[in-house]
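Here is the structure we will look at, set down as structure tokens.
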Amino acid sequence: MHFPSRYPGKAWRLRAQGFSLIGFLCSLTLLGLAGLLAVRAGPSVFEYWAVEKTIKAASAVSQTPADLRATFDKLASAGYIDSIQAKDLIVEGSGDTMRVSFTYEKKIYLAGPVSLLIVYQGSNVTDPEGKPPN
């Protein structure tokens, strides 16, 4: 005996709705990996932003490269910046035309032998297109 379908022609749509267990587990895994990356790399990004702000503040009040380096060391120690030191800064010019740039690497261990290497670079000046010069 054949029973007619309650929704003729739409039975396949009723079965295809929802989120399967495998799809849920894959989504949960990807979300967990993104969360792990954010938790591990987040503090490094915040420190980079602090370095940029510190360099801009130090260059605003300094007139000579030596004065800039001394001011940067003081501000960096107050801001708990330990990824870069004043000797790592590249200083060109003096006075109001002083250009300060930096480059440093941060290695972040994620799990086991897997790590993430981030190369940070920046400057206290930007070119007309809004990007820091190399």
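FYI, it's all coordinate maths here, none of it is from the lab. Everything numeric in this text was worked out from a predicted model, so none of it was measured.
Give me, ordered by chain and number, the residues 5 or more places off I84 or on other chains with an amide H under 5 Å from its own placed amide H.
none
Measure up K74/K107; K53/K87; K53/K106; K74/K106 against 20 Å on the Cα-Cα distance and list the ones that go over.
In this structure, K74/K107; K74/K106 exceed 20 Å between Cα atoms.
What relative contact order, as a whole-number percentage, does the stretch 44-123 give when Cα pairs under 8 Å and 6 or more residues apart are counted?
So the answer I get is 25 percent.
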